[in-house]
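The values are calculated or read from the model by the stated rules, or taken from the named source; none is laboratory data. Remember, predicted model here, so these are calculated numbers, not experimental data. Neighbour counts are summed over all protein chains in view; Cβ atoms, including those assigned to glycine, are modelled from backbone coordinates with ideal geometry. Ligands, DNA and RNA are excluded from the accessible area calculation, which covers all protein heavy atoms including side chains. Shrake-Rupley method; radii C 1.70, N 1.55, O 1.52, S 1.80 Å.
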Amino acid sequence: MSDLDEAVSFYRDTLGLAIADEFTLSDDGIATAIDVEEVTGDFVHLDAGGTRIELIEYDPVGDDTTANAINQHGAKHIGFSVDDIDTFYETLPKDVEPISNPQPIEIGTSILFFRDPDGNFVEVVEA
């Protein structure tokens with residue numbers, strides 16, 4: 001994440017996730033695990049209803065690898081389900097710009113994509 005506070009606000013306020021834990025790692029264990037010397041990571045874990053989402057802000061910051069299109073190699077996204085996608089769509093904050101309105105898909109549900117503050121794709125599916 002380029003701005004951990006902004007990312008936490010987005011996932012908490014837009015998607016309703018609760019902060020489960022916050023901590024910083026800066027020892028040799030994290031540096032060895034991710035193969036970056038003298039790295040510090042500020043971590044926030046969010047509770048997504050039985051799934052934990054981990055947001056990390058690293059120092060030093062690596063190269064930007066955000067994909068411009070979701071069909072590019074290495075593109076990533078996170079998905080969430082909601083009971084009523086139209087209601088969710090109507091309550092999105094004004095600064096969140098969906099890629100399109102909720103779209104019906106051939107398996108009988110609807111999807112919606114938008115980006116988080118770092119440009120990562122977020123998918124919402126009606127379940």
Rounded to 0.05, the calculated FRET efficiency for the beta carbons of Leu92 and Ala31 at R₀ = 41 Å is 0.60
How big, in percent, is the set of alpha carbon pairs in the stretch 65-124 lying more than 15 Å apart?
51
Length gained, Glu22-Ile107, 0.36 nm per residue minus C-alpha separation, equals 26.8 nm
Taking the Cα centre of the stretch 10-76 as the origin and placing charges on Cβ (Lys, Arg +1; Asp, Glu -1), which of Ile53, Ala33, Leu15 is farthest toward the positive end of the dipole?
Leu15
Out of all Cα-Cα pairs in the chain, roughly what percent, to the nearest whole number, are more than 24 Å apart?
35
Can you bin every Cα-Cα distance in the stretch 25-71 into 5 Å intervals starting at zero and give me the percent of pairs per bin, rounded to whole numbers?
5, 18, 20, 18, 18, 16, 5, 0
Taking trypsin sites (Lys or Arg not before Pro) as candidate sites, keep only those in a DSSP loop with at most 13 other Cβ atoms within 10 Å, then name the longest stretch of the chain containing none of them.
1-75
Expressed in nm to one decimal, what extension gain is obtained for the pair Asp118 and His77 from 0.36 nm per residue of sequence separation less their Cα-Cα distance?
13.6 nm
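What GluC sites (Glu not before Pro) does the stretch 27-125 have in DSSP loop regions with at most 11 other beta carbons within 10 Å?
Here the GluC sites (Glu not before Pro) that fit, given the DSSP loop and packing criteria, are Glu37, Glu38, Glu106.
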Please give the length that would be gained between Ile70 and Glu38 if that part of the chain were fully extended, namely 0.36 nm times their separation in residues minus their C-alpha to C-alpha distance (nm, one decimal).
8.3 nm
Relative contact order of the stretch 1-110, please, whole-number percent, based on alpha carbon pairs below 8 angstrom and at least 6 residues apart.
19
Could you tell me what percent of the accessible area of the stretch 63-127 is made up of carbon and sulfur, with a 1.4 Å probe and every protein chain present?
46
For n ≥ 4 DSSP H runs only, could you compute -39500 (n - 2.57) per run for the chain, divide by its residues and tell me the 222 nm figure to the nearest 500?
-5500 deg cm²/dmol
